[in-house]
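Presented below is the structure to which this report refers.
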Amino acid sequence: MERVTDVPESLARSADPAPANDYDSFAEAYSAENENSLVNAYYARPAMLALAGDVAGHRILDAGCGSGPLSAALRDRGAVVTGIDASAGMLALARRRLGDDAALHVVDLSAPLPFADGEFDDVVASLVLHYLEDWGPTLAEMRRVLRPGGRLIASVHHPLVDYVIQDPRPDYHATTSYTDEWRFNGQSFPMSFWRRPLHAMTEAFTTAGFRLSVISEPQPDPAARELFPDDFHDLSTKTCFLFFVVEVPPSARATGSDE
């Protein structure tokens, strides 16, 4: 699920685990802000699409698809897209965007994925993994449903933002939770995330059997300079998200063996 970072007001943070993130309670408002925001429309999504490259004919799983903007962009580029999300409310908006025949499923990413081994060429997970305390089971399932040579393209909160800028913690190397209060239409909603150091992220990918291909800290779309003159400079000169492309070895079996 993509996060709107430049609209909701952050009211409070805590080191304690928060209640489950309830996207259903603000799906319409979230989707509206996400659609054309600087961080999402001119940074996160363009970066994901650039890393994906030519996807014509690719079978792509959009894990945490939300209301479907990334799915729609990938489909426009010729991909065959399946979307999953834990929020039925967000998927209802995705179906409105993508059509009644779109392949959309309510799926919790901490559970086994309802797909066959090697069913997809690519998995995209835009600003999703930082909701999970343990990446292991989720990455193992993503690897399982990818064909040999397939890719996982993922973005997460940059660890420097989480540890140094947003909510400083004394131990960078610890995996810890924190809570933001997002605000829509005068109401606040608790959102919990898990932060981990960069080495824990890369180790999680390799432990799941992926090979690291790209780590990217991209720039926002230059078109945003005139649209968001007050915020563009900050986004283009500071860290925000971290992007990865990791691959299943070409000779690997879908069961997770590299042999």
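The values are calculated or read from the model by the stated rules, or taken from the named source; none is laboratory data. Fair warning: this is a prediction, and the values are worked out from it, not measured in the lab. Here the Cβ positions follow ideal geometry from the backbone for every residue, glycine too, while neighbour counts run over all protein chains shown.
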(message) Criterion first (of a type in the set (A, V, I, L, M) and modelled with pLDDT of 95 or more) does V164 satisfy it?
(response) no
(message) Just the residues that are assigned to a loop (DSSP other than H, G, I, E, B) and either exposed (fewer than 15 other Cβ atoms within 10 Å of the Cβ) or over 18 Å from the mean Cα position of the chain (by Cα) (or both), please, taken from the range 215-237.
(response) E217, Q219, D221, P222, A223, F228, P229, D230, D231
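Got at least one residue in the range 99-106 being over 17 Å from the mean Cα position of the chain (by Cα), part of a helix (DSSP H, G or I), free of Cβ contacts under 8 Å to residues at least 12 places away in the same chain and more than 19 Å from R147 (Cα to Cα)?
Residues of the range 99-106 over 17 Å from the mean Cα position of the chain (by Cα): 99-103.
The next check asks that each one be part of a helix (DSSP H, G or I); those that pass are none.
No, the range 99-106 has no match at all.
How many residues are among the basic types (K, R) and either modelled with pLDDT under 85 or part of a helix (DSSP H, G or I) (or both) when one looks only at the range 13-68?
Of the residues in the range 13-68, 2 are among the basic types (K, R) and either modelled with pLDDT under 85 or part of a helix (DSSP H, G or I) (or both).
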(request) Would you point out which residue out of F210, F189 is farther than 24 Å from Y23 by Cβ and touching a Lys or Arg at 6+ places or on another chain (Cβ under 8 Å)? (result) F210
(request) Mind listing just one residue for me: the one in the range 196-214 that is part of a helix (DSSP H, G or I) and β-branched (V, I, T) and, of those, farthest from L146 (Cα to Cα)? (result) T202
